[in-house]
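None of the figures in this text is laboratory data; all of them are computed from the coordinates on show. Please read all numbers here as calculations on a predicted model, not as lab measurements. We place every Cβ from the backbone using ideal geometry, glycine too, and count neighbours over all the protein chains shown.
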């Protein structure tokens, strides 16, 4: 298991409100689950492994505690998978503009 | 004294925390009854157009280009009846430093925060505004925290929101992400109290006035390019700031006859605070889930009185479906060579339909675009929809059911903006206003105020009040 040393950039997670503490106006499906939070910072503990409760200093300098969930966190978002359903649009539009078929 | 940090404890200190964090004593504008002095609030706490042009100009914001969409206009004319098909123009707000018109709102807020001596700013937003605040804060050397509603209870996040988190972090901001729920406001208050930073709310007079330059620029640009004001301006409507600021800017430029049309993506039936439904939508803003509640009760925002009051300014309010916006996003790229983010194209989908109602010599303006990129793009957004069991179909947009399917129009002629009944929305606003002001004796001043708020007249308000037995 990888160990993060002091000063490493990490991602932490916390439960902010338990299901019983949620606001009264919240719909039932949301009330059944806790309010969770995620944040990132530099590890302040000498060392820690995934799952440990740690303290971090966020990029702007706040100190917060949380459970270590990722070391050197990265972004996973991308351009998605090919969506073949979109492919007709450009050709259709060009053919209408070129006056093809019966669109005049 | 140890402060009560429980949900109820913190919420009870809301007004005190907000006053400190916004630097406005909203009480000064209250009448003690329903009415509050909106124009006085805007005048005394906002900035003039000239001041804002200077503030925004120094921050690299504004003066964005306007493009005529000749091919989309040609297409609209092919589909419209003879002589119809207004010229469609778009204002490329993606050219702002953070990639959207929100830079205008942020530039003013951050300037104001800096002037008042705050060390940092906080904004609660999952949208483009977060990136705008982070970008402007970076320019002014202020610290910045963005609070996002991002994930459902399974830990799945909207790709569009994750991209915005990345962008905020790129500007050196701290991004605190939360799972679904309105208690985001609790965390937001807690952070404001802890840091004593400025609340860069979307809804302060400085923020809304920041958008006035957009409307003002449109009038000036069209007078220069075409020698006249445009006939119609379409603005995407969510919290109301875009419509409000743009319309006020047009009025300040003397372009009072321009018809202002609000447009939202139709997400009818989806509950915005539902954990299960959170990832069933493919738009995180610009939709009716914000547009309707904020039009019918603007003061639900994070400040006591919202400066964004769209109902005052909308001449029409239309909806378009998710599939129609995705189609038009593809059309903008394929026919005009402009690849822009889908959410910003909501008003374009509406304008494409509305242009077909207008004569060929008329001018219709789409007043914004937004940046696109990984996560914030038709492809990842539709991939994500599929992963959340949403069916992507090609067919009749009118059959689209939000949360179940997304229907790409099988032909562009099927893109149709649908009018919402503004009188119904006005009535709903009056009803909410009464419900939020119990035990108040409604004065003649209040009735005048309600007529202004709903862009209606005294007779209309009186009739609604009678129906409500008030």
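So here's what we get for this one:
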{"read-out": "Residue-span extension gain [residue B:444 to residue B:469] - 0.36 nm each, minus C-alpha spacing", "value": "7.4 nm"}
{"read-out": "Antiparallel bridge percentage (DSSP; both residues within the protein assembly as shown; nearest 5)", "value": "50 percent"}
{"read-out": "Per-peptide average of other Cβ atoms within 10 Å, ordering B:357-366, B:307-316, B:41-50 highest first", "value": "B:307-316, B:357-366, B:41-50"}
{"read-out": "Average other protein chain Cβ within 10 Å of Cβ, residues A:58-64", "value": "6"}
{"read-out": "Relative contact order %, region B:251-392, counting alpha carbon pairs below 8 Å whose residues are six or more apart", "value": "26 percent"}
{"read-out": "Within region B:316-337: backbone nitrogen closer than 15 Å to the residue B:70 label point (7 Å, Cα to C-beta)", "value": "B:335-337"}
{"read-out": "Chain lengthening between residue B:268 and residue B:194 when straightened (0.36 nm per residue, less Cα-Cα)", "value": "22.9 nm"}
{"read-out": "For region B:130-285, diffusion coefficient by Stokes-Einstein and Kirkwood Rh (Cα), 37 °C, 0.692 mPa s, µm²/s", "value": "185 µm²/s"}
{"read-out": "Order of A:68, B:202 - criterion: other Cβ atoms within 10 Å of each residue's Cβ, fewest first", "value": "A:68, B:202"}
{"read-out": "Over chain B, volume per residue of the alpha carbon convex hull, in Å³", "value": "145 Å³"}
{"read-out": "Residue mean of other protein chain beta carbons inside 10 Å, B:5-16", "value": "1"}
{"read-out": "Ascending count of other beta-carbon atoms within 10 Å, so fewest first, for B:161, B:208, B:401, B:425", "value": "B:401, B:425, B:161, B:208"}
{"read-out": "Förster-model FRET efficiency, 25 Å R0, residue B:457 and residue B:115, C-beta, rounded to 0.05", "value": "0.05"}
{"read-out": "Peptide-level mean, for A:69-81, of C-beta atoms on other protein chains within 10 Å", "value": "5"}
{"read-out": "Among B:164-176, B:57-69, the order from most to least packed when residues are scored by Cβ within 10 Å on average", "value": "B:164-176, B:57-69"}
{"read-out": "Shape of the protein assembly as shown, Cα gyration tensor, a/c cut at 1.5", "value": "oblate"}
{"read-out": "Likely footprinting exposure, A:77, B:377, B:287, fewest C-beta neighbours within 10 Å first", "value": "A:77, B:377, B:287"}
{"read-out": "Chain A - percent relative contact order, Cα under 8 Å, separation 6 or more", "value": "28 percent"}
{"read-out": "Taking the convex hull of Cα positions in region B:291-418, its mean projected area over all directions (nm²)", "value": "9.6 nm²"}
{"read-out": "Spin-label pair residue B:54/residue B:259, simplified geometry with 7 Å Cα→Cβ offset, distance in nm", "value": "3.9 nm"}
{"read-out": "Euclidean distance between Cα centres, region A:42-99 to region B:362-410, Å", "value": "21 Å"}
{"read-out": "Contour excess over end-to-end distance, with Cα ends at residue A:2 and residue A:81 and 0.36 nm allotted per residue", "value": "25.3 nm"}
{"read-out": "Alpha-carbon centroid distance for the pair region B:148-183 / region B:65-88, whole angstrom", "value": "38 Å"}
{"read-out": "Taking region B:347-470 and dividing mean pair separation by its residue count, relative contact order in percent (alpha carbons under 8 Å, at least six apart)", "value": "17 percent"}
{"read-out": "If the convex hull is drawn through the Cα atoms of chain A, its volume per residue in Å³", "value": "241 Å³"}
